[in-house]
Structure formats: C-alpha cells, structure tokens
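The values are calculated or read from the model by the stated rules, or taken from the named source; none is laboratory data. For clarity, every value in this text was computed on a predicted model and none was experimentally measured. Here Cβ is always computed from backbone atoms with ideal geometry, including for glycine, and neighbour counts include all displayed protein chains. Side chains included, ligands, DNA and RNA excluded: accessible areas come from the protein's heavy atoms. Shrake-Rupley method; radii C 1.70, N 1.55, O 1.52, S 1.80 Å.
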Amino acid sequence: MSDWPLLSLTTFLPLVGAAFILFIRGEAAIVAQNARAVALWTALATFALSLMIWANFDPAQGGYQLVEQAAWLEPLGIRYHMGVDGISLWLVLLSTLLTVLVVVGSWYSVTERVKEYMITFLIMDTLMVGTFCALDIVLFYVFFEGILIPMYLIIGIWGGPRRIYSAFKFFLYTLAGSVLFLVAIVVMAREAGTTSIPELTRHDFPVAMQTWLWLALFASFAVKVPMWPFHTWLPDAHVEAPTAGSVLLAGVLLKLGGYGFLRFSLPMLPEASAYFAPMVFALSIVAIVYTSLVALVQTDMKKLIAYSSVAHMGIVTIGCFTANSLGLTGAIVQMLSHGLVSAALFMVVGVVYDRIHSREIAAYGGLAERMPIYATIFMLFMLASVGLPGTSGFVGEILVIVGIFGITPESPAIPAAGSWVALFAATGMILGAAYMLWLYRRVIFGVLEKSALAGIKDLRPNEILAFAPLVLLVLLMGIYPSLFTDPMAASIDRVLAEIGAVGPGRLALQMP
Amino acid sequence: MLHLVLVFSPLLGALLAGLFGRRLGDRGAQLVTCGLMVVSATCSVIGLFLHLGEPAFKVPVLRWIEVGSFQVDWALRVDTLSTVMMFVVSFVSCFIHIYSIGYMAHDASVPRFFAYLSLFTFMMLMLVTSDNLLQLYFGWEGVGVASYLLIGFWYTRPSACAAAIKAFIVNRVGDFGLALGVALCFFVFDSIAYDVIFAEAAGHAGETVQVFGLSADALTLIALLLFVGAMGKSAQLGLHTWLPDAMEGPTPVSALIHAATMVTAGVFLVARFSPVYELAPAALAVVTVVGASTAFFAATVGLTQFDIKRVIAYSTCSQLGYMFFACGVGAYAAGIFHLMTHAFFKALLFLGAGSVIHAMSDEQDMRRMGGLADKIKITYAMMWIGTLALVGFPGTAGFFSKDAILEAAWASHNAFHLYAFWLGLAAAVLTAFYSGRLMFLTFHGESRADPHVMEHVHESPPVMTVPLVVLAVGALLAGWLGKGMLDAEGAWWAGAIVTGPDNHVLHAMHEVPFLVKLAPTLAMATGLGLSWLFYVKMPDLPERVATALRPLHTFLYNKWYFDELYDFLFVRPALVLGRIFWQGGDVGIIDRFGPDGVARTALAGGARTVRLQTGYVYHYAFAMLIGLVLLVGLYLFVIGG
C-alpha cells in the first residue's frame, strides 16, 4: 500500500468523480439523484483514502512523508512534488471529511443545478487537498489560488440576493493578496534557484529581502485568515454563500492563511517573522476584541458566526507567531477545532434557514420546544465555540494563551510582552460567551410564538448523519487531544528548528 | 476503583437520562440517576472511613493534553481535603436528587432535569478531585455550564434565560482570571500539576516576575489571579451579582448548586492552594478584606428582600464571605469546616423554602405568606433547625464553625484581621436578624396569602420531607463530628492543607479572651431578639423604620445598585462600541476606502465591468483563471530565462 501514490490518488479522485457526473444525462430529477449519489461515493472514497494517509503516516518522523515527485515544468526546475507532515495531514483529513458532510447536508436542500453544484464541490475537494499536499511553491500556488474559482462560483451561483456584491468583494480582497504572493514567489525562486518548499526553507534569505517578501506573503495570508482589518469580505461572503459554501469557507479556506504562515512565512523568513511578530500580535488582539464586540450587535445569524470566526482565528495567528511548541500546537489545534465547530455552526444555521428562509435572529425564538435534538446539537457547538473545557475549542485556546504568556520582550523594540497579549486574548473568552449565549437564547429559548415557526420540524436523519461526526470529533478532540497532537509533535519540532530557535516553552522572539 | 465509581456514576446517570430520557420515561430517568447517585454517595461515605488522614494518592484516568513540558492528564487526586469534599458533594447531591423526585413531579421535562443535575454532580466531583489546574478548570467551567443549564431550565421564562446568561458571563469574568493564573503558574513552575507546584512553591517565594508591564511577586500574583476565579464562582463582592438572580432555577438547584456545593468551589480552591497562599501574605490580605466585606454587604441586602429564596441567596453569599476570610486569616481548616456545615444547613434551608413554595402553589414573596407553622409542621420544624444552625445557636453545626472563624479572625496576625472580625460580628447580628425575619414572616402571625391559596396548603410528600430530615440531622451533628478538622496541629488534614511555620492561628484561636468567644452568641441573640421585636411583637415597626431611613432602605433594597452600575459601565458601552466598530469601522472606513472604493473606481471604468454586475460570473471566473495562468507562465519564463 505504501508504494501507491496515495497523495495524488486522494487529490485527484474527486476530479474523476466530477468527470463522471459531467457525463450523466437524462431526466432532470434522475440526473440530480445520480449526481448526488456519485458525489457522495466519490467524497467517501476520498475520505477513506485520506484515512489511509493517516494510517501510513509515521508520527515519529518530523519530515515530509509519502513524498511523490515527478517532472512537471522541468526547464524551469518546477516539479510535481507532494508530501504531508503532521500539520498538513490533519488539514487534509479535515477537507475530505467536510466535503463528505456538505454533500450529505445539501442532499435535500439544493435542488437547482444539482449536477454543477456537486461538480463544483468535488473540484473544491481536489484543490483543498492539493494545497495542503503541495511541496512545490508553484504547485501550491496553483491549488491555493485555484480554490477561489469554485468558491467564487458557489457564492455567485447558489448564493443569496446580494451574491454578486459579495463574490466581487471576496475576489477583490483575495486578488490583491494573490498578486503580491505571486511576485514574492518569483523573487524567492530567483534568489534560491528552486521552487521546492523544503529547499526554499533551507535557504537563507538576506534580511533586507525578507522584510519585503514577508509583507508580500502577509498580504495574501492575512486576507485568507482573515486578520483585522482585512476581514470585511468574510461576513458578506458567508451571508450570501449557501450553507455548504459557508461550511467549506469557514472550515477549510480560512485555514489556508494560518497554514501559509506556518509553511512559508515562519520557516522561510524567520528574521522578518520575529520582526513583525509584535504587529501580528497587535492585529490579532484587535481582531479578537473588535470583532467580538461587533458580533455582539449582529442581527443576522451568519454574520454573527462570521465575525466570531475572525475572533477565533485571531487566536490562531497569535499561536503561530509565538514560535514555541505550545503556541504552534495550540494554533493548529485551534484551526482544526474551528474547522469543525464553525462548519457545524454554519450547518446549524443552514438547518433553520432551509425551513424558514430567514437568517434574522429576530425571526426565531423558542425552537427548543419543537426541535429538541437540534437544540441539543446547537448547544454543544455553542459551548465548543466559547471554548468549554472538554470540547475541542478549549484545547487550542488554552495552549495558545499559555504559549504566549511566557514570551518576554528581549528587545525594547517589542513593546507587547506576551502576558498582555494573553490578557487580551483571554477577554475573547468573556465576549465570546456573551454573543454566543445571547444568540442561543434568542433563537432556541423563550416561547415559540411566531406563526411561521409553528410547524417547524426537528432534524431529518440526513442532517443528524451530517452532524454526528462533528459532534464526536469535537468531543474527542476535547477529551483526548493527544490523538491529534502526538502526530504533530515531531513536525512542529521540525518547524521550530527551521525557525531556528527551539526553546522549552519560553522562546524569546528576537530582533533580526 | 472506588473513586472511579464515585466520580463517574453520576456521569453515567446524566448520559443515560439525557440521551435516552424519552425512552426511559420520567420514572426510569429518576430511578437511573438517583440510583447511581446512591452508589456514588455510598462510595463517598466509604471513602471517609478509608482515606481521611491518609497521604495523598492519585488515580490515573486518561492522557489529556501533552505538549512539550505542558503535561496534563485526567486523574483523580485523593487526599483528606478531596475526601471531605467528595463526601459533601455526593451526599448532599444524593438527597437533593431524591427530593427532586417530589419537587419536579409535575414538570414536563423530568429526564432533562435529572440529567443536568447528575451532570453537575459529576463536574463538581471532577473539580474537587482534580490533580492539576487544568482539570480543576474543566470542573470549574463544567459546573458553570450545568448551573447555566439549570438556572435556565424553565427556558420559556425571559427572566430565567437572562439569569442563566448572567451567571455564565459573570463566571467567565472570574474564569478569565483563573485562565491567566494557569498560564502564570506554568510560566513560573513549568508545570501545572499540584504536586510540582506545592513542592516547589517555597523555592519560588519572593521571586518576581515581569508580567503585565510590572514586576510583581510571582506567588502573590498567582494567588490573586486564582482568587479572581474564586470570586466569580463563589459570588464575592463585585462578582456576586449573578447569584441572587440564579434563584430563577428550580429550588433543588438553588440548594445543590447555589448553596451547598458549586459556590463553595472558590473556597475549596483557596484551601487547596494553601501552600501557595501561605507564601503570599498580600494575597491573603486581599482575600480577607473581600471575604469580610462580602459577608457584611450581602447580609445588609438580605435584610430588605422579600423573595424567600433571595433572602437565602444573599445569606449564602454572606456565609461564603465568612469562609473566605477564614482562609484569609490563615484558618483554612475553619473555612472548609464551615463549608461542610453550611452545605448541610443551607441545603436544608433551601429545600425547606422549596417545600414552602410547593405548599403555597409557587408563591415566593414573603409578604404573601405568614401563619404557615401549623399547616406544614415538618417543614416548619426543619426550617427552624436550619435557621438555628445558620445563626450559630449553641450546639448546632453553625455554632462550631462560625465561632471558630470569628475566633480565628481575632487571633490572626493578618493585617486586616480585626476588620474581618468586626465586620464578621456585625454580619452575625444581621444574619440572625434576617433569618428570624424570614421565619417569622413565613410561618408566624396572620396569613397574608390569598385564602384560596391557603386552602391548598399541604405538607410535602415523604420523598421531599425525608431528605429534609436527613439534612437536619446533618445540620445538628456536623459540628460535633467535624470538630476534629480544627485540630490545632493541623495533623487531621495529613498535609492536604498546609500552614506556614509562622501560622499558629489554629492554636491561638483557642486562647482568645472569653468575651471574644461569647461575642458570636451574643450577636446571634441580639439579632434574633430584634427580629422577634420587629416581626412578632411590633409588626408595624419595620415599616416605620423603613420610612424613617428611606434612602438607606432604598439603597439596600436595590442591592447597592450593582446591577445598574454594571449595566452602565460594561453592558451598554460594549453594545455601543460594537455598533461603532461595525457601522463606523467596518462599513464606514474599511469598506468605504477598501473594496467598495476600488469597486466604484472600477465600475466607473466602463460597460464591460458593469456586465459583471449583471451576473456573468462564469466569464469572470474564467477570466480570472486565464489571467492566473498567463501571469504564472510569464513569470516562470522570466525565471527560466
């Protein structure tokens, strides 16, 4: 099994499924039914393949595994180079799992252009997996930017009334970042004479050049995360996107930014990363406090959850730039947790949106009476979102807070000591509880008195099926996170070694 | 094994009742949860015989978070302190489960109630058996969630929902301090396991750390941050506002969570961390002042409230203050002793109040009660036992523990020990007064209730009165049985509570002047006497006094205006800021000059871009793809060439 090109199989299997769907002909209803079935089987097979990756992964090794290389654009030195480490492994699994869930979740709710819909999501699957497996920076870039296209289509075709505005905004923001990223790639490739990610990581870029490269990469990743103040595309995109689009957007696409920081900015440009770390911390803190307050006054459920995503991703960016094992582990766990929890929360909103066709919080109230299963599942994810210990949301948060706390200002040029960052990051705990509990209270609690809600039905079996794995994983990651963190450990140590300063829990970031 | 059964059987009960409640039915859910609680309580009693005074050991359960030197596992720590706490929690919880069978009989969602109640018990047991700060935090937030769920149990009532959210968020403010305390602990000790912290605390005494822009004494700062958490959970002055509102929950919940167990978690935390607090005198001073102030403050508010449960709630708040300043003056043992006796008599008072409310068809306002003594005799008698224990009548449980606290306050060397003593003494008078007031208004005199309601007044069924009797026995005997805790040498605790070499308070408290020993009893007599005068002898007196002291009365009646103040300081500004950031920041600035500005410029460009707006998304996407490929190609050839 191990000599199979597992990564390529996982990456491109969805494309095969998509091609099959393309050739389905016949009566509209039958086409839709077959498209769903093919998509589901393809997504399941892809997920199974990604589990095989996990099974063949050796957690003791920190390097890239299951590596595949082939000639691609040979004259330019660009190769088809794939591999996973303990960081990308989980993001691959997250992508393939969520793809399965969105196919299941939109089984009944999507009735228009089902064929195209399923094809688009399978293409998304390929691109997401490819991004996380790519070990050549150009290959990475092709996947990374390619994701924009299906996502753009998902919002633009199956989205809500203001979908064009949102899609456009989404595109503008990401384009601005992409162009700079591309320039940076070219500069890096010329400087190092290679496009291989491991080799680029080993190359020492001159400090003066690092600064500019870092900013160029930052432009791209900060938009993806999104960091304040590059976040305003996110609420609009989520609001207009169909549920499945929101799930992948929040679940996987936002992780591309954090992954980019971990894979490129930190190990390739360590001096510049140390130099800019205080700025990242400052922006992250602002993100946490600012967007939490904004979330507090939202009247639209999806906007509220979108803003909460910005706050949660602030924890991720803080964790990445702590450059110690606690912070990095925390950042990755927080990414995975957010991938599960925010995806689930968007599905939670999707459930009632399918029934009542409103995202306004005020349109609901008292759902607990008629939808007890729904209320329970919503409760669990709400608590995970506020970081309750025993759920996945807690592990990442506490690791990052503990990880950042000990970072001391070695140089007077770094005004923010870690303890202050930890303090502000922890205020997110309070504000997060405020907006989530209040949301829950307004939607689920109270008396069911709105006539539109009188006949509302509890979860259908396919919806329960879509939620079940998320429920299990959120609890598993909260109660036994070692399952996930053990395979990461060696890879995180490698990244720390690449950054060049491994310290037992209390590394001081230093000036270049 | 004993402890695994003890701790996890409530969880099993919660899961069974919660997940299969509909299949089990009301009766099934009651049987399962109560049965498993009986198992747990039995184990806790066996534990008392096996592990009191024994050295600490731990029962490993599962790995949890292990990253570098941050090694945290699920484990149960068994020592004298946790054995006492497990007994209090499991035993009281067991009887409250049984009582609830009667009290919640007519509710529509019985399984849900019992599932929450058992879940709470599990979380509380995890808290008291924690072996490291993170598991403590798990239990800490877990009981918070259970409390949130139970306060909001009747979720169709807006007031219950508001109270539930308030409880959770105010507790989160405390947890915020606790989380930072965990982080600082790890920073200082490179571990958050109790064994390591307690063993190495002395080595870090006097060490300063540079955090939050100041250089502070490490242990003091740790102790203070943990205390912020304790203040939230134990409703101490400043973070107390959630507790009275929490009375929106069903009464058994108030008895279990908001009197006997959860709210005492803060006291437990301080006692558990006695090895650290003993080395942080400044932190102990803060604990003393906050505790004593709360004891007094809450008692003053308790004087004026009319809701029977709110009076008891403020009383709880006040008694928690006693426990804290006991710890603050170095008498941790007295604090835990009072915690235990209080668990019995306060649970008894709450369940008694529940029985009254049950009898009065859900009436809670004492102005519409009176004259109930003859109608519900068992409840009446049990309530008196609880009241006497609370006010510290000689021989009852409260007498032993409260006197011990006041004597310790007198004898201590803490800088604020006299502040604590005098406020504590004043609070003792007030406690006796409001307790007497509660009893007289509720049970004595003429009935002020609707005659219709009075016709239906009936004694509660045995399933409710038996737990009352059991707790009453506890309220009478716990003092005698637990006296050993105050052992002057501290040997009783077998190292679970540590007192420093200079801390002789447990010794000195036995040698205070006779008048100091007598003072609490005098205070009690004064308070009870005055309440008899006010509410039995001259029933028009309260109104006259209230009129004469109108501003003071209004101030107290409105609970010192804490809610209004917080609303003004925190809630409103947060919402206003949220709106400013959203409409001003996101829409007004970022979007205006960012994407929308660019879009406007682009749209001004020509008709081709306008078509974009009309929906030719495909074209646009493919244009993007082609552009990308071209760009990549171009640049690559530049490199190649």
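Some values worked out for this structure:
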item	result
Percent RCO, i.e. relative contact order, over chain A, from Cα pairs under 8 Å lying at least 6 residues apart	17
Solvent-accessible area per residue, Å², over chain A with all protein chains present [probe radius 1.4 Å]	29
Once exposed loop chymotrypsin sites (Phe, Trp or Tyr not before Pro) are cut out (DSSP; at most 13 other Cβ, 10 Å), longest piece of chain A	A:109-512
Sites A:L483 and A:T427, calculated FRET efficiency, Cβ-Cβ separation with R0 41 Å, nearest 0.05	0.85
Within the range A:1-102, trypsin sites (Lys or Arg not before Pro) in DSSP loop having at most 11 other beta-carbon neighbours inside 10 Å	A:R25
Mean separation of Cα contacts under 8 Å, 6 or more apart, over the residue count of the range B:56-195: relative contact order %	22
Rg to Rh, two decimals, where the protein assembly as shown supplies the alpha carbon set and Rh follows Kirkwood	1.01
Theoretical FRET efficiency, 1/(1+(r/R0)^6), r = Cβ-Cβ of B:L418 and A:S451, R0 51 Å, to 0.05	0.20
Net charge, B:R448 excluded, C-beta distance under 13 Å - Lys, Arg +1, Asp, Glu -1	-2
Per principal axis, descending, Cα span of the range B:1-140 in whole Å	51, 36, 21
Global form of the range A:402-501, assessed from the alpha-carbon gyration tensor, a/c cut-off 1.5	oblate
Alpha-carbon centroids, the range A:106-169 and the range B:122-171: separation in whole Å	41
Taking chain B and dividing mean pair separation by its residue count, relative contact order in percent (alpha carbons under 8 Å, at least six apart)	12
Accessible-area ranking of B:H3, B:H553, B:H456, largest first, probe 1.4 Å	B:H456, B:H553, B:H3
Segment B:I46-B:D107, extension gain: residue separation times 0.36 nm, minus the distance between their alpha carbons	18.5 nm
Chain A: C-alpha gyration tensor shape, a/c 1.5 cut-off, then a/b vs b/c	oblate
Of all accessible heavy-atom area on chain B, the percent that carbon and sulfur account for (1.4 Å)	69
Area buried, chain B against chain A - accessible surface, total, 1.4 angstrom probe, square angstrom	7400
With eigenvalues of the C-alpha gyration tensor scaled by 5 and rooted, the range A:80-210, Å	33, 19, 10
Accessible solvent surface per residue of chain B, calculated while the other protein chains remain in place, 1.4 angstrom probe, Å²	36
Long-range Cα-Cα pairs in the range B:445-515 (distance over 17 Å), rounded percent	69
Separation in nanometres of the label points that stand 7 Å from Cα toward Cβ, at B:S361 and B:V453	0.9
Rounded, prolate or oblate (a/c below 1.5 giving rounded, otherwise prolate when a/b exceeds b/c) for chain B by Cα gyration tensor	prolate
Subset of B:K517/B:K537; A:K169/A:K303; B:K402/B:K559; A:K303/A:K457; B:K309/B:K559; B:K233/B:K483 violating a 19 Å alpha-carbon distance limit	B:K517/B:K537; B:K402/B:K559; A:K303/A:K457; B:K233/B:K483
With every protein chain in place, the range A:174-234: carbon and sulfur % of accessible area (1.4 Å)	68
Ranked packing of B:9-17, B:357-365, most packed first, by mean Cβ within 10 Å	B:9-17, B:357-365
